[in-house]
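These notes are about the structure you will find just below.
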Amino acid sequence: MLNIAVLVSGGGTNLQAILDSQAKGENPNGCVKLVVASKPGVYALERAAKAGVESCVVRRKDFDTPEAFDEALLQVLKEHKIDLVVLAGFLSVLGHKVVSAYPNRILNVHPALIPSFCGPGMYGLRPHEACLARGCKVTGATVHFVNEECDGGPIILQKAVDILPGDTAEVLQKRVMEQAEWVLLPRAIRMVCDGEI
């Protein structure tokens, strides 16, 4: 059984998909033990509380350096005996110390088909806006392992989502979450916990 930490920065819709999958017994070899938020007051913390999952806040701005933030985050993960880290809309970039402590044990979901519309600054609505501006007909989501290159780790799963006439970035974001992110992330976590990858 792998102990899972989910790192969040906002509403926690991907966290909810993970918790719902767990409640249905879809990941018998893993369990969400901890939710770490990058700031207080985010709705993801309420989702954790409703699911009976312990949570805490580790804010980058509370630390003088990125290295000190990484050390604090790593300490929290070690205290809770975390085996697998899942970035579910976590907007802080993890440094070398955290990434090297969890080789092929940190997953991220990205709202585009990597290698398109990814990298530094491509989060939130930006990948969807860029996709629409380019005139793409298809977008999607990617779950990948995290390495020290932003959105550069090996791809685990991808799922395509059609772009429809009249789509706005907000409409597209919602469709990508519902049709791809919420499907792929629990599946990728299960695959890692089951030892498939």
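Observations on the structure shown:
- Yes/no for residue 33 being of a type in the set (Lys, Arg), in contact (Cβ under 8 Å) with a residue 40 or more places away in the chain and either part of a helix (DSSP H, G or I) or over 12 Å from residue 9 (Cβ atoms) (or both): yes
- Residue count for the range 155-186, restricted to those that are without any contact (Cβ under 8 Å) to a residue 40 or more places away in the chain, farther than 11 Å from residue 109 by Cβ and within 15 Å of the chain's Cα centre (by Cα): 1
- Total residues in the range 35-70, condition of a type in the set (D, E, K, R) and closer than 18 Å to residue 5 by Cα: 8
- Segments classed as helices (runs of 4 or more DSSP H), wholly inside the range 85-176, with at least 3 members that are open to solvent by less than 20 Å² (accessible area, probe 1.4 Å), within 30 Å of residue 57 (Cβ to Cβ) and touching a helix residue (DSSP H, G or I) at 6+ places or on another chain (Cβ under 8 Å): none
- Identity of the residue in the range 52-75, touching a residue at least 24 places away in the same chain (Cβ under 8 Å) and over 18 Å from the mean Cα position of the chain (by Cα), that ends up surrounded by the fewest Cβ atoms within 10 Å (Cβ to Cβ): 67
- Residue in the range 22-29 that is over 21 Å from residue 183 (Cα atoms), without any contact (Cβ under 8 Å) to a residue 24 or more places away in the chain and either part of a loop (DSSP other than H, G, I, E, B) or of a type outside the set (Phe, Trp, Tyr) (or both) present: no
- For the range 17-38, the candidate set comprises residues that are open to solvent by 50 Å² or more (accessible area, probe 1.4 Å) and among the polar types (S, T, N, Q); within that set, the residue that is farthest from residue 194 (Cα to Cα) is 22.
The values are calculated or read from the model by the stated rules, or taken from the named source; none is laboratory data. Because the structure is predicted, anything quoted here is derived from the model rather than measured. Cβ atoms come from the backbone with ideal geometry, glycine included; neighbour counts cover every protein chain shown. What goes into the accessible areas is simple: the full protein's heavy atoms, side chains included, and nothing from ligands, DNA or RNA. Shrake-Rupley method; radii C 1.70, N 1.55, O 1.52, S 1.80 Å.
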